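The values are calculated or read from the model by the stated rules, or taken from the named source; none is laboratory data. Values in this document were obtained by computation on a predicted structure and should not be read as measured data. Here the Cβ positions follow ideal geometry from the backbone for every residue, glycine too, while neighbour counts run over all protein chains shown. Side chains included, ligands, DNA and RNA excluded: accessible areas come from the protein's heavy atoms. Shrake-Rupley method; radii C 1.70, N 1.55, O 1.52, S 1.80 Å.
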Amino acid sequence: MKINHILISQPISVGYNSPYTELSKNKNVRVDFRSFIEVKGASSSEVRKQKINFSDFTIVIFISKKSVDHYFRLAKSMRFKVPSTMKYICQTETIAYYLQKYIVYRKRKIYIGNKSFKDILPHIKKHPKEKFFLPSSDILKPDILNMLNKENISWKRGILYRTSSSDLSDLKNIYYDILVFFSPAEIKSLFENFPNFHQKNIKIATFGKNTLDAASKAGLKIAIKVPTPEFPSMAMALNKYIKESN
C-alpha cells in the first residue's frame, strides 16, 4: 500500500526544524500534526489542597519539560522564590538544558540522568537526607512511584498539571495511511473520540513500550515499533517504512 498521508498525534514545535519536514519533502508524503491530548495547569489552590509547600523541599526531580514549566509557573503564582541553593535532578540532558529558561544554569547543582528514570536513582541515593519533590501530571508510570518508594528517602509527588483528550471531531472524515502515537494517553484519546474506530488498512506506529502496550491492548495492529537499535527515532523508522511501501 502506498503511503501518502501521515498524522503525528502531537503538535508541531514552532520554529523547530522537524525531521518530519525532511521526510515529507524527500518521500513526497503529507505529514499533519495534531495534538491528541490537552494539558491544563493546576491552580495554586489545587496545589495547596495537596498539602504541598514548595519551601519544604531541597531537591526537585524533573522528568519532563512540562513539569519544569508548571513548577516555576506555580512557584511564581504562589510567591515562592526558588532559592539559589535548590538542587535539581533531571531525567535527561534535554530537560536539564531546558532549565536555563528559568535559572542561571552554571550556578546551580544539577544532576543528569541518561534516559530512563532508573538512570537518576544513583543521584537520588547520594542525597539520602534531602527532601525530594516530584512535580508531575495526573498520569504517571507506576514504576516511578515504586522505585521511589523503595528508596529510604523523604519525597512527595505534586500533580501540577493534568492531561485530557482533545476534541478530534474535525478529523472524522479524514483518512490517513499512518497514525503515529507517542503515549498511552493518545491511544486513549483516539478511542474516546472515535469509539467505533476500525483500523482497516491504516498503519499504526508507536513510540515506547507503554504506548505499544496500550495500542495492542486496544486491539490495534502495530506496523512500526520504535525505538529499536536500528531505528532510534520515529522519523527514521517512517522513512524506511515509506521507502519499502512506495
Starting from segment 67-81, take each residue that is of a type in the set (S, T, N, Q) and list its partners that are in a helix (DSSP H, G or I) and open to solvent by less than 40 Å² (accessible area, probe 1.4 Å), counting only C-beta distances under 7 angstrom and pairs at least six apart or across chains. 77/44
Answer yes if at least one residue in segment 220-227 is open to solvent by 70 Å² or more (accessible area, probe 1.4 Å) and part of a loop (DSSP other than H, G, I, E, B), and no otherwise. yes
Residue check: is residue 26 touching a helix residue (DSSP H, G or I) at 6+ places or on another chain (Cβ under 8 Å) and more than 20 Å from residue 181 (Cα to Cα)? yes
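Tell me which residues, restricted to segment 127-141, are charged (D, E, K, R) and in contact (Cβ under 8 Å) with a residue 12 or more places away in the chain. It would help to see each step written out before you state the result.
First, pick out the residues of segment 127-141 that are charged (D, E, K, R): 129-131, 138, 141.
Hits for segment 127-141 are 130, 131, 138, 141.
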Mind listing whichever residues of segment 23-45 are free of Cβ contacts under 8 Å to residues at least 60 places away in the same chain and either assigned to a helix (DSSP H, G or I) or buried (at least 16 other Cβ atoms within 10 Å of the Cβ) (or both)? 24, 25, 31, 44, 45
I'd like to know if segment 137-149 contains one or more residues that are at pLDDT 95 or above, in contact with a strand residue (DSSP E or B) (Cβ under 6 Å, 6 or more places away or on another chain), acidic (Asp, Glu) and not in a strand (DSSP E or B). no
Reported set for segment 161-188 where residues are open to solvent by less than 60 Å² (accessible area, probe 1.4 Å) and part of a helix (DSSP H, G or I) is 171, 184, 185, 186, 187
In segment 189-204, anything under 25 Å from residue 23 (Cα atoms) and either in contact with a Lys or Arg (Cβ under 8 Å, 6 or more places away or on another chain) or loosely packed, with under 15 Cβ neighbours inside 10 Å (or both) is listed as 199, 200, 201, 204
Where residue 136 falls short, out of the listed (1) within 15 Å of the chain's Cα centre (by Cα); (2) open to solvent by 20 Å² or more (accessible area, probe 1.4 Å); (3) of a type outside the set (A, V, I, L, M, F, W, C); (4) more than 14 Å from residue 37 (Cβ to Cβ): (2)
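Any chance segment 189-209 includes a residue that's assigned to a loop (DSSP other than H, G, I, E, B), more than 21 Å from residue 37 (Cα to Cα) and at pLDDT below 95?
Taking segment 189-209 as the starting set, the residues that turn out to be assigned to a loop (DSSP other than H, G, I, E, B) are 194-202, 208.
This time we only want the ones that are more than 21 Å from residue 37 (Cα to Cα), so: 200-201.
So of that shortlist, the ones also at pLDDT below 95 come out as 200-201.
Yes: segment 189-209 contains one or more residues that are assigned to a loop (DSSP other than H, G, I, E, B), more than 21 Å from residue 37 (Cα to Cα) and at pLDDT below 95.
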(1) buried (at least 20 other Cβ atoms within 10 Å of the Cβ); (2) part of a helix (DSSP H, G or I); (3) in contact (Cβ under 8 Å) with a residue 60 or more places away in the chain: which one isn't true of residue 60, the others all being true? (2)
Applying the selection to segment 64-81, what residues are at pLDDT below 95 and open to solvent by less than 40 Å² (accessible area, probe 1.4 Å)? 64
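Regarding residue 99, is this residue surrounded by 19 or more Cβ atoms within 10 Å (Cβ to Cβ), closer than 20 Å to residue 131 by Cβ and either among the aromatic types (Phe, Trp, Tyr) or without any contact (Cβ under 8 Å) to a residue 40 or more places away in the chain (or both)?
On the way: surrounded by 19 or more Cβ atoms within 10 Å (Cβ to Cβ): yes; closer than 20 Å to residue 131 by Cβ: yes; either among the aromatic types (Phe, Trp, Tyr) or without any contact (Cβ under 8 Å) to a residue 40 or more places away in the chain (or both): yes.
So residue 99 passes the test.
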